[in-house]
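The values are calculated or read from the model by the stated rules, or taken from the named source; none is laboratory data. The structure presented is a predicted model; accordingly, all values stated were derived computationally and were not measured. Please note: Cβ atoms are built from the backbone with ideal geometry, for glycine as well, and neighbour counts cover all protein chains shown. For accessibility, only protein heavy atoms count, side chains too; no ligands or nucleic acids. Shrake-Rupley method; radii C 1.70, N 1.55, O 1.52, S 1.80 Å.
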Amino acid sequence: MPAPPAWMRWLPALYVAGILVLEPITPVQWPVSFLLIALPVVAAYAHGPVGVAAIAAFAVVFEGVLAGTPCCAGRMVGYLWDRHYVGAYVCTALVGVLGTIMAAHRTRRERTLASVRSVAETAQRVLLRPVPRRLGRLSMEALYLSADAEARIGGDLYEAVPTAHGVRLLIGDVRGKGLLAVETAATMLGAFREAAYDEPDLAGVAHRVEQSMSRRAAQLPGSEAAERFVTAVFAEVPDHEPLVRIVNCGHPPPLRLGPDGVTELDSADPALPINLGILLGERYRVDVEPFHPGDRLLLYTDGVTETRDPTGSFYPLTERSRAWTTLPPRELLDHLHQDLLAYSSGSLDDDIAALAAYRLPEEPRE
């Protein structure tokens, strides 16, 4: 369970210090010690129930000290049992009880939240496994940012698997949010992980994933089935050919970063998103693009390009990435992350996933 910030833990002491500063400089008929009634509530924001109960007891005793001694504001000892001060003692004790209950409730909620976060992190590690840093002739890195900071998991997905046909990549974005999107993402990833090894060509991978998603959607109520579609890009990088094959299913096009600059690998005939193509008997077009040693491939979800600045302008990924054409994959994604935060003034309100692949130079043959 994360500890509260230091300033919140010190807030009760600062509150008492403020009262001590005010007490000597206020007239006798204005006893600011009554402000101590709120001290247990102040403490309840950062301390546990035992601590709040102790602070409430301290507040009652300290009110008596301020009321019954002439040290601070010239009051006589007779004020100690004045009915107004006795009322303050009773009110402070009652607020102390309420503060203790609040602290117990807050502590219980924090433990529950910590447990939920732990489960979400475990689910994310299972659903979005870390990609190996080296796959075939590729150096790989991934970036994932959930719009729901508490859940830490969302509907964007990625995967990279080595196969006999080369390294096969997937990036996707599930329509919607929450558990529905997570379940859809899990179905999509499971289908891809099986099809990527079995299918001899990339169009076959996309078709098989489409069939798996459609079978799953057919088991759902009509309104839910209509919402279970995923925009996706499937890519294949053969080990010994300087090219990349791409099937785009309604998704933002990948970028190729190389010595000649940044190129948007847009498809001339993109397919419909996964789980919609089956309605039209979709045929998947495989686009072939050059991908030479030293080039970088960036796959991303629309959370990147739909990030807005304070004026409402969309993030210009192609333009910004021109400065990153020589960066290794990890640094490229780190620069992308920091640039998105700076561009949006720290307000990222959509899930973001990205895969960066660097084609390693050919090894010299003996």
note = Non-local residues with an amide H under 5 Å from the amide H of residue 45, with H modelled 1.01 Å from N and Pro and chain starts lacking one, are none
request  = Using all C-alpha to C-alpha distances in the range 260-366, build P(r) with 10 Å bins and read off the rounded percent in each one.
outcome  = 12, 35, 31, 18, 4, 0
ask   = Taking 0.36 nm per residue of separation and subtracting the Cα-Cα distance, what length does fully extending residue 82 through residue 326 add?
value = 80.1 nm
ask   = How much area per residue is accessible in the range 301-349 when the probe is 1.4 Å and only protein heavy atoms are counted (Å²)?
value = 52
ask   = Largest first, what is the accessible-area ranking of 173, 198 with a 1.4 Å probe?
value = 198, 173
request  = Quote the charge dipole size of the range 255-366 about the Cα centre in Debye, to the nearest 20; the model charges only the Cβ of Lys and Arg (+1) and of Asp and Glu (-1).
outcome  = 100
